[in-house]
Amino acid sequence: MEEIEREIRSKLSGLERRIEVESSRRWAIHKCQRDIEKLRQELANSSHWTCVSPHPTESKRLIPRRGLPSYPKYTLSLETIKALKRPTFNLWQWAPNEMLSCIEYMFHDLGLVHEFSIDGVTLKRWLLSVQGNYRDNPFHNWRHSFCVTQMMHGMIHLCRLQDHLSPTENLILMIAAVCHDLDHPGLDNTYQVNARTDLALRYGNHSPLERHHCAVTLELLSRDETNILSAMEPGASDEIQKGVMELILATDMARHVQIMASFSQCVEIFDFQNLKHLRLLEQVLIKCCDTSNEVRPPQISEPWLDFLLQEYFMQAVREKMEGLPVSPHMDPEKVSKSGSQVVFLTSVLIPMFESLTQIFPQLEATMVHPLRGARDHYRHLEVEEARRLLSSTPSEGTVAV
Ligand code: 5GP
Ligand code: MN
């Protein structure tokens, strides 16, 4: 009996040592990635910036001075322009400034700049300010905003939303995509509520993060130098701001079940003339774009999962330090990469995208199919991991012999 115990203990400490070594390597890689992102941000945020925020939180946020915004003008190649409309777009190869240019291009391409007489310089200043108001988090950062916006641009083209929705509705979708996680602190709503943060107190524990993203969005649109809606009648501008708020608030995953239940009721009898149906469709569209990483090819989506888990683990460390409850899906001791993806793909992503295919069948091949592929891949990994774990655990028979 003692021998068995000794053997198990020695295997256990071997495994623990391995975990230590492997995690220190992983953290070193993450640190390098974060340093790279930080340096890129520094390059992007030139000396044209000053600090202001509607509700200054821990770190100072940036908005530009009135001066002419300066970032190099990139001419996008035809290949890039085509690729920008597809979920296969390689979003890792672009520096922060280049992402600004790409989004600027999307607003022109969709005819929004022309339709709403958006001043070109104001558009640049607004985009620079939005970029400056994303923090340097592993996941909720400017590149995430870019991804969500690029996916929305792709959806608009793929689903021919310009034929189905008004220009105002298309503008709302794009502004909401760019702004939806503004000034995200890298700690989720559960943390905000449990830690009784300023945001949670300010918003009475109701979607504090999403309400904060809305507040920063409105703040930027309220300043002359960054108000891309300034050429509109006040009524039209109010309608757009209200629409953007509704969509940003819909990104709170705590509302997922309720939104999907309402959407599934209207999807079979969907009517583009019915405003209630349209509002729900727009909410589901932004939710799909917000969580669409797994629609992308594996080599593009996988780093996002690592960054998401890194942000989760940083939150878990902080919660443990502060004596707060740790959510099981964030606890490094309880989470497996494949397990977390199988659950998310099966219970959230696939049903949500499938319901959208009832209105837009063309999403089946471009989006639902890759999602099923990702689910099968992670299921396979999960089985492999379980098998490896079993084979490294001594069975009674082997030890007794
Ligand atoms: P966001 O915080 O970006 O506005 O809302 C999306 C939320 O959905 C994320 O915070 C995260 O909790 C969840 N999410 C998005 N993509 C993934 C994913 O690929 N895997 C898992 N497990 N969760 C995801
Ligand atoms: Mn998001």
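Couple of notes before you dig in:
- An oblate overall shape is assigned to segment 184-281, the ratio a/c of its alpha-carbon gyration tensor axes (a ≥ b ≥ c) being 1.5 or greater and a/b not exceeding b/c.
- Taken one residue at a time, the phi angles of segment 286-300 give Karplus couplings (6.51, -1.76, 1.60, θ = phi - 60°) of 5, 5, 4, 5, 4, 10, 8, 3, 6, 6, 7, x, x, 5, 8 Hz. Gly and Pro are set to x.
- Overall shape of segment 324-382 was characterised from the C-alpha gyration tensor. The equivalent ellipsoid obtained from it has semi-axes of 27, 14, 6 Å, in decreasing order.
- In order through segment 260-275: 3J(HN,Hα) via Karplus (6.51 cos²θ - 1.76 cosθ + 1.60), integer Hz, x for Gly, Pro: 5, 5, 5, 5, 5, 6, 9, 5, 6, 10, 4, 9, 5, 8, 8, 4
- Burial ranking of peptide ranges 381-389, 260-268, 127-135 (average Cβ count within 10 Å, highest at the top): 127-135, 260-268, 381-389
- Fraction of accessible area attributable to carbon and sulfur, segment 140-299 (%, probe 1.4 Å): 49 percent
- Prolate/oblate/rounded call for segment 230-288, Cα gyration tensor, a/c under 1.5 rounded: oblate
- Accessible surface area normalised per residue over segment 328-397 is 56 Å², counting heavy atoms of protein chains with a 1.4 Å rolling probe.
- Heavy-atom accessible surface of segment 311-401: percent carbon and sulfur, 1.4 Å: 62 percent
- Cα gyration tensor shape for segment 101-158, rounded if a/c is under 1.5, else prolate or oblate: oblate
- Excluding ligands, DNA and RNA, the accessible surface per residue across segment 233-291 is 48 Å² with a 1.4 Å probe.
- 13 Å beta-carbon shell around residue 249, net charge (K/R +1, D/E -1): -1
- With 5 Å bins beginning at zero, the pair-distance distribution over Cα atoms of segment 225-341 amounts to 2, 9, 13, 13, 15, 15, 13, 10, 7, 3, 0 %.
- Rolling a 1.4 Å probe over the heavy atoms of the protein chains gives segment 87-150 an accessible area of 25 Å² per residue.
The values are calculated or read from the model by the stated rules, or taken from the named source; none is laboratory data. Bear in mind the structure is a predicted one, so any value in this text is a computation, not a measurement. Neighbour counts are summed over all protein chains in view; Cβ atoms, including those assigned to glycine, are modelled from backbone coordinates with ideal geometry. Accessible surface areas use protein heavy atoms only, side chains included; no ligands, DNA or RNA. Shrake-Rupley method; radii C 1.70, N 1.55, O 1.52, S 1.80 Å.
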